[in-house]
Amino acid sequence: MGFGFRGRVSECRAGRLVTTVVGFLLAARALFFRSRSATGRASGDSAASRHARRSDIQWLRALAVGSVVAYHLEPRFMPGGYVGVDVFFVISGFLITGGLIRHPPGDARKLAEFWNRRIRRLLPASFAVLALCAPAALLLTPMTQLPGTLRSAAASTLYAQNWNLSWEAVDYLASTQAPTVFQHFWSLSVEEQFYLVWPLLFFALARLESGRGIRRKFAAAAAVGLVVVCSLAYSLYLTGVNPAAAYFSTFTRGWELGAGGLLAVASARLDAFLTPRPAMRTALKGFGAVAMLAAGFCFGDTTPFPGGAALLPTLGAASFIAGGKSAFDAFLSWRPFQWVGDISYSIYLWHWPVAVWLPAALARYWPAGIPRIRGAADVIVLILTFGIAALSYHLIEEKLRGPRPLGDPPHRGFVFLAAGSLLICACTGSGWWMLQRKIQSRLDVLARAVPMPCVGAGALGNEACAAADPHGTAFLVTPEVAALDRSDAYEKGCLWEPGSERFPTCLYGRRVADRHTRRIGLFGNSHAVQWLPGLSELADGMNVQVSTYLSSGCFPALLRQKFDDPADERRCLSFTADVMERVIDSGVRVLVISSFTEAGSLIDVPPGERYAAAVDSYRRIIERFVSAGVAVLVIRDTPFPGKNIPDCLAGAETLSACDGPRSAWVRPDPLFDAARTIVSPLLVTADLTDVFCDAGACLAVLGGLVPYFDGSHVSATFSRTAARHLAPALARALDGEIRGQRFEKTEDREPHRSVFPPSPG
């Protein structure tokens, strides 16, 4: 991206921002009061239709959206505010199911009419957010995050954002990416999928009723109850084994919508039961409000969710709706609550883009002479969100929710859906494709230009470059290119991934082996993958082949490690044990080992003993290889920035802005510590910390290259520049393998049977 982008954006000063905020507020205020006065002059019919909506449900909408906004702006105030989404699910399930019971879709035309009403109600406002924010992202989003943002926009347009986020949640590398401005569309995606499938269920029930004389409400209660039971059971299971994926899954959230549906099925009988019992109505209302607020204030980011914890806000919302009219009606009908409930959908749509972009803009362009006020950014976000939401509600939602212009004739709604989806997806998809092509072309050019002596890993410790700034004078690899500059082992599927029973291996270096070709292995997790580009370059020159034995999220120790899925604990142990036997059996002469070790994830080891346990396990593994005659090269783990370096550089003013202290970035490495306790001609160690750091600091830019493609993994280009520093250690390991005690297989040795079948080829 370079720094030219910042120069263009910096022309927008705080004065222009304040003017924009004030303009939006004045426009929203004028429009709001004009709408109120016009409503006062309107006919009694319109007023009656407006007040036909239940005031308690409008209040519930206000509470739900307020909880979500509070959580996003200040999570310390309401750490469980995300439960507002669950409240919305219950409301949607109740209202939609009630409508389907009153007007069952008995034929295809009625199904089309139902979906057409949903299109008119929801899509104009959401398409407006997507159509405005997608182009704005080109200017306001760091280029390092732009590919993910465009992909997220397309997924949101197709209402598949929850599945997109679910996939990213289980992807080891994608799970550390910054949230996009379209991330909040995940809950809307769940609801839209519900709106697509739910009427089909009632269509089937209507056909069944007409054909076999089954009572409508009995069949509806049985079908909805089955959905609730199955979805809740799956939610409890998946939250226990994979909470990240469970959070976004439609199948783990369906029971919350179904709970509202069950309430709608039983509403007539329930209302008849509660009518002579006003105290019970009040109790239900009070319990519901307390349950939802308790979840909002007592839950947090560490609460396993949805799972069993979602029962509290879900049952609270259902109880509140079941209470109907109560002694709280005067309070619930207060006009500000009702107004927030009216515009709650627009607030939800607009609050997240404003909350993502505005604080960053304020932090960047806040006038130097004006002191920063704590909480000022949150106040401005709230004011701007409510102003934009009011405009969106009056200009888009109210104008287009009626039968015209999208609903007369009915097919216009579907034409609008198809045209809007195709247009937004075409624009975002083409932008993503062009960006990928541009980045790949830069990487291809860079791969041919790397050998310059002071580029990348040559910037430090090179006497020829001592007089130059080790950062370089400009980016040779821009941050957005660096963010995608990683080993092709990920795309080729060369890593064992959690959840998989297959252990893949890949071959790099010389493709055609002869009797002089030796084989080396690369063993470890993603912090071993980062050395593969450099080792691949060395392989051809040294007449060797590189076989990979790599994992994602599993460090190679014979100790149980914590995973979301307990089955992966077994698979991780099996991965390490399998590699130990396979390397010895396969004729690998030298094994290169490197790993990031998260000792805190060890199970069955007391917290104070986990580091020592990891050292002991690594020592036993190295000794096993050495005793079998396999030479071992241990590469010390690289400095750990703990922040996404390309993202940081994308918003930086100087090449040194994202540097960090050496004392913080360089962490203890139990693998390297274990290797230093072993004396053997077959063991070589390599510490490349000085390639990344000088005496006091570790650099985020070295010789014009960005050394990391995220917050801890070395980029492929930088790995190739570091190959020259690895070459002496690898040569010593190869020489040690020749000089040391060679391991010879015996004829009667039983061949090892791999736990994981190797990938073809």
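The values are calculated or read from the model by the stated rules, or taken from the named source; none is laboratory data. No experiment lies behind these values; they were computed from the predicted model shown. All Cβ positions, even for glycine, are placed from backbone atoms using ideal geometry, and neighbour counts span all protein chains on display. Ligands, DNA and RNA are excluded from the accessible area calculation, which covers all protein heavy atoms including side chains. Shrake-Rupley method; radii C 1.70, N 1.55, O 1.52, S 1.80 Å.
Before moving on, here are some points about what is shown:
- Solvent-accessible area of the range 497-605 (1.4 angstrom probe, protein heavy atoms only): carbon and sulfur portion equals 50 percent.
- Shape descriptor for the range 584-658: Rg over Rh equals 1.16 (Cα atoms; Rh from the Kirkwood inverse mean 1/r).
- Checking the Cα-Cα distances for K217/K325; K492/K562; K110/K325; K438/K643; K285/K399 against a 29 Å cut-off, the pairs over it are K110/K325; K285/K399.
- Separation of alpha-carbon centers, the range 322-364 and the range 132-148, rounded to whole Å: 26
- Centre separation in Å (Cα based) which lies between the range 540-606 and the range 85-118: 51
- Mean separation of Cα contacts under 8 Å (6+ apart) over length of the range 571-675, as relative contact order %: 36
- Under-5 Å amide H pairs with G472, H placed in peptide plane, nonlocal only: G703, G704
- Residue-normalised accessible area of the range 274-369, given per residue in Å² at a 1.4 Å probe: 42
- Cα gyration tensor shape of the range 568-617, rounded if a/c is under 1.5, else prolate or oblate by comparing a/b with b/c: prolate
- Just the protein heavy atoms count here, and of the accessible area of the range 45-145 at 1.4 Å, carbon and sulfur take up 64 percent.
- The residues of the range 507-597 have, on average, 30 Å² of accessible surface per residue, using a 1.4 Å probe with all protein chains present.
- The amide H of C506, built 1.01 Å from its N in the peptide plane, has T548 as neighbours under 5 Å, considering only residues 5 or more places off or on other chains.
- In the context of the full set of protein chains, residues of the range 49-161 present 36 Å² of accessible surface per residue (probe radius 1.4 Å, heavy atoms only).
- Once backbone amide H atoms are built at 1.01 Å from N, A697 has R662 as its partners under 5 Å, excluding neighbours fewer than 5 places away on the same chain.
- FRET efficiency, 1/(1 + (r/R0)^6) with R0 51 Å, evaluated for R102 and C425 via beta carbons: 0.90
- Here r is the Cβ-Cβ distance between A664 and A376 and R0 is 25 Å; the resulting FRET efficiency, rounded to 0.05, is 0.25.
- Per-residue ³J(HN,Hα) for the range 524-531, Karplus 6.51 cos²θ - 1.76 cosθ + 1.60, θ = phi - 60°, Hz, x for Gly and Pro: x, 9, 4, 7, 8, 4, 4, 8
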